[in-house]
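One structure below.
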């Protein structure tokens, strides 16, 4: 599994008009399903008088967790087209909502599908793409006199300290890039001559 993937830094919007209908597309970075659903609810509240709110979101390093909805549009014309726009750019941890105000002219399934795909694409094109890392948490316990060696190893492999517990020994919980996890463990064991206990904390 790759340990980095593409998402967007901040929200981006685009407006497109087709045959009198107005399509308002919004792309939002999200962390998990609950945030995606909350962002969707905000859009629905903001444009409460709109005809449709089609959406799609993709989550996780491989975008394998996803959901989409046509919200009353003909099947296959809304949500799946928005998801296709997301996937064509290899993005994840992202929600795209396309709100439609019906203008009185029916676009047909082909025209409607293109409108949703293109409006979603415009919102995504206006967003700044960032690289996100897949990380792993590691818990380590060691004597106080090993602290400087442990800290040097953590700094060298850019591990981030999440929590610290000072007891008879020192216990740290750290987050490290997935591809660096094995190297970090080996470095810590070498640096402390094995005077350290490593484990994955319960999730």
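Summary table below
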{"quantity": "Angle in degrees between helix 79-88 and the longest Cα principal axis of the chain, rounded to the nearest 10", "calculated": "50 degrees"}
{"quantity": "Inter-label distance for residue 31 and residue 109, nm, one decimal - labels placed 7 Å from Cα along Cα-to-Cβ", "calculated": "4.1 nm"}
{"quantity": "Percent of C-alpha pairs per 10 Å bin, the stretch 4-131, short to long", "calculated": "15, 51, 29, 6, 0"}
{"quantity": "Highest to lowest packing among 144-150, 172-178, scored as the average C-beta count within 10 Å", "calculated": "172-178, 144-150"}
{"quantity": "FRET efficiency, 1/(1 + (r/R0)^6) with R0 45 Å, evaluated for residue 88 and residue 197 via beta carbons", "calculated": "0.45"}
{"quantity": "Three-way shape label, the stretch 90-197, alpha-carbon gyration tensor, a/c 1.5", "calculated": "prolate"}
{"quantity": "For peptides 51-64, 130-143, sequence by mean Cβ density within 10 Å, most packed first", "calculated": "51-64, 130-143"}
{"quantity": "Label point distance in nm, residue 160-residue 131, each placed 7 Å from Cα along Cα→Cβ", "calculated": "1.6 nm"}
{"quantity": "P(r) of the stretch 134-199 over all Cα-Cα pairs, binned every 5 Å from zero, in whole percent", "calculated": "4, 19, 34, 28, 11, 3, 0"}
{"quantity": "In degrees, nearest ten, helix 33-46 long axis to first principal axis of the chain (Cα)", "calculated": "30 degrees"}
{"quantity": "Distance (nanometres) between label positions extended 7 Å along Cα→Cβ at residue 167 and residue 15", "calculated": "5.9 nm"}
{"quantity": "Among 32, 20, 104, residue whose mean-square fluctuation peaks in a GNM of the chain (springs only between Cα atoms under 10 Å)", "calculated": "104"}
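Computed from the coordinates by the stated procedures, all read-outs in this text should not be read as laboratory data. Everything quoted here is computed from the prediction, not taken from an experiment. Cβ coordinates were reconstructed from backbone atoms using ideal geometry, including for glycine residues, and neighbour counts include every protein chain displayed.
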